[in-house]
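**Q** My questions will all concern the structure given below.
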Amino acid sequence: MPHPYAPLCDAHHFARASYIELKLTEDCNLKCDYCCVSATPIGAGRTMTLDTHARAAAIFLAATRSPQVNWCFHGGEPLLLGETFFREAVAQVREVASGNPSIKRLRFTAQTNGTMVNEKSLRWLDALKVEPLLSFDGLPEINQAQRGGTRTTDAAIRLLRARDPEMALTCVLTPQVAERFDEVIDYLAELGIRHLMLTNMEPVGYGEGLETLPPGRNVEVLRRLLDRMLDEGPGGLREAEMVIRIEKFAVTQLEGTKLVPTVGCRTFNCFGGYESIAVDPSGTIHPCGRAIEARHWALGNVNQASLVASTIEERLANLHEKSLWFTRCVPCDASRVCAFSCAAYDRMNATIREEECATTKVFFRDMLARKDRVMAYFSALRPDFRPVTRPAEAARSTPD
């Protein structure tokens, strides 16, 4: 029997949903200094019930027309819920997805601090086809100071790396990581890690009031990262955001345009609430995981008798509305590589947007100074790329 929410969602919303993030619990067995979701000690926070999880699956997996869906278990620390919860949750998702012919590939991931990843947990995660995604703060001593749990996390990284040479790590770019950035990259290389995702420490959650990287230091890290990647080529270190910057830079150079017409996270057209959805432990629906901390754009709750279309439309319109501030992006050449900040975080702290703008303008000049090497890297990375001919644009300005 179709879930009562499914017709509404299918007709009006969530038909493009491809990344669905389930905040299973607010509890965590660590307490990172900068935690952007304000995780709580074990037993102190909210935890999602299997009934709420089933309702989320019924809504989004019945509504989506996306051929690929990533169902991501998040937290807090999601593995605290244990094998029994995961077995039932995965079964719920598979049952609904099997009735949707649009879904061709269903991927399960679990974003974890790694402290509970071991031979025993991997046996049931493997059986369920749930892929653990680990975060680690670069060097053992930095990780221990900022997060704790380093011994077990380091063991988990080595265990997963032995199983999957292409595994990736997430690393938060704190001032401490930036200060020793070259050492961080060397240490990860020693572990055999070449796929990395750096995320900026944002002044939200526990991170509010902590020192963040000023534009000058941020640019320095980006410059060192770019040079390292250009030296090693596509077969060496690959940082996910930098690969996107290189691709944007090269494509806009080859096609004679500025904004690459994409929708996603960290693009001019944010995908929050359309391709990305997040559900907190109580069942409240948010446009993305980052929007949960703000709590301004709740789209409804999976436990409601019905979802209100006008509420969804109004709140997504508010989230995605570009203020007059963004008019400066139109003539700016640095828009070629800009991430345009985060729509959710901007509203919580407008300084983020200004600092990222300043960083991007300086770093774009750095990329121009390395143009031949950047284009060579792109050619090696995307040898089959063929540029699309686009109408010539008006003369461009130089970033301020």
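**Q** Along Cα→Cβ, 7 Å out, is where each label goes; now give me the distance between the ones at residue 373 and residue 351 in nm to one decimal.
**A** For residue 373 paired with residue 351, the spin-label model returns 3.3 nm.
**Q** In addition: Across the stretch 126-137, in residue order, what do the Karplus-derived ³J(HN,Hα) couplings come to in whole Hz, using 6.51 cos²θ - 1.76 cosθ + 1.60 with θ = phi - 60° and x for Gly and Pro?
**A** Computed from phi, the couplings for the stretch 126-137 are 4, 4, 8, 6, 9, 9, x, 10, 9, 10, 7, 8 Hz.
**Q** Only bridges with both residues in the chain count here: give the DSSP antiparallel percent, nearest 5. Walk me through the numbers on the way to the answer.
**A** Numbers: 5 of 40 bridges.
Of those bridges, close to 10 percent are antiparallel.
**Q** For residue 169, list long-range residues whose amide hydrogen, built 1.01 Å from N in the peptide plane, is under 5 Å from its own amide hydrogen.
**A** Under 5 Å from the amide H of residue 169 lie the amide H atoms of 195, 196, 197, each far enough along the sequence or on another chain.
**Q** Then there's this: Can you run phi through the Karplus equation (6.51, -1.76, 1.60; θ = phi - 60°) for the stretch 159-176 and list ³J(HN,Hα) in whole Hz, with x for Gly and Pro?
**A** Couplings: 5, 5, 5, 5, 7, 9, x, 9, 4, 10, 10, 9, 9, 7, 7, 8, x, 5 Hz.
**Q** Next up: Using the Karplus equation 6.51 cos²θ - 1.76 cosθ + 1.60 (θ = phi - 60°), what ³J(HN,Hα) coupling, rounded to whole Hz, does each residue of the stretch 320-326 give in order, writing x for Gly and Pro?
**A** 8, 5, 8, 6, 4, 3, 6
**Q** So how do 303-314, 328-339 stack up, highest first, on mean other-Cβ count within 10 Å? Don't skip to the answer; put the middle values down first.
**A** Values: 303-314: 13.0, 328-339: 19.1.
The densest-packed peptide leads the list: 328-339, 303-314.
**Q** Spin-label point model (7 Å from Cα, Cβ direction): what's the residue 227 to residue 186 distance in nm?
**A** Distance between the two pseudo-spin positions: 1.5 nm.
**Q** Which value, in Å² and to the nearest 10, is the accessible area of residue 19 when all protein chains are kept and the probe is 1.4 Å?
**A** Using a 1.4 Å probe on the heavy atoms, I get roughly 60 Å².
**Q** Rounded to the nearest 0.05, what FRET efficiency do residue 162 and residue 199 have when you use their Cβ-Cβ distance and R0 = 25 Å? Walk me through the intermediate numbers first.
**A** On the way: r = 25 Å, r/R0 = 1.02.
Rounded to the nearest 0.05, the efficiency is 0.50.
**Q** Within the stretch 165-187, list the residues whose amide N lies under 16 Å from a label point set 7 Å along Cα→Cβ of residue 154.
**A** 183-187
**Q** Compute, for residue 248, the solvent-accessible surface of its heavy atoms (probe 1.4 Å) with the complete set of protein chains present, and express it in square angstrom to the nearest 10.
**A** Accessible area, nearest 10 Å²: 30 Å².
**Q** Out of every Cα-Cα pair in the chain, what percent are more than 39 Å apart? Numbers along the way, then the final one.
**A** Numbers: 13882 of 79800 pairs.
When all Cα pairs of the chain are counted, 17 percent exceed 39 Å.
**Q** Starting from the amide H of residue 35, placed 1.01 Å from N in the peptide plane, find each other amide H under 5 Å away whose residue is 5 or more places distant or on another chain.
**A** So residue 35 has HN proximity to 206, 207.
**Q** Another question, if that's okay. Find the centroid of the Cα atoms in the stretch 270-314 and in the stretch 87-144, then give the distance between the two in whole Å.
**A** 23
**Q** For the chain, what does the helix formula give at 222 nm: sum of -39500 (n - 2.57) over DSSP H segments with n ≥ 4, over the residue count, nearest 500 deg cm²/dmol? If you can, show how the numbers build up before the last one.
**A** Values: 15 runs with 172 residues, N = 400.
Estimated from H runs of four or more residues: -13000 deg cm²/dmol.
**Q** Follow-up. Please work out the FRET efficiency for the pair residue 314 and residue 65, using the Cβ-Cβ distance as r and a Förster radius of 30 Å; give the result to the nearest 0.05. Walk me through the numbers on the way to the answer.
**A** On the way: r = 23 Å, r/R0 = 0.78.
Given R0 = 30 Å and the Cβ-Cβ separation, E is 0.80.
**Q** Return the tail of the calculated pair distribution for the stretch 13-76, meaning the percent of Cα-Cα pairs more than 16 Å apart. Walk me through the numbers on the way to the answer.
**A** Details: 1067 of 2016 pairs.
Here the tail beyond 16 Å accounts for 53 percent of pairs.
**Q** Also: Using a 1.4 angstrom probe and counting only protein chains, how large is the accessible area of residue 161 in Å², to 10?
**A** Residue 161 has an accessible surface of roughly 70 Å² with all protein chains in place.
**Q** Taking amide H positions as placed 1.01 Å from N in the peptide plane, with prolines and chain starts having none, which residues 5 or more places from residue 25, or on another chain, fall under 5 Å of its amide H?
**A** Placed amide hydrogens put 48 under 5 Å from residue 25.
The values are calculated or read from the model by the stated rules, or taken from the named source; none is laboratory data. From a predicted model like this one, the values you see are computed outputs, not experimental measurements. With ideal geometry, Cβ positions are generated from the backbone for all residues, glycine too; neighbour counts draw on all protein chains shown. The area values use the complete protein model at the heavy-atom level, side chains included, leaving out ligands, DNA and RNA. Shrake-Rupley method; radii C 1.70, N 1.55, O 1.52, S 1.80 Å.
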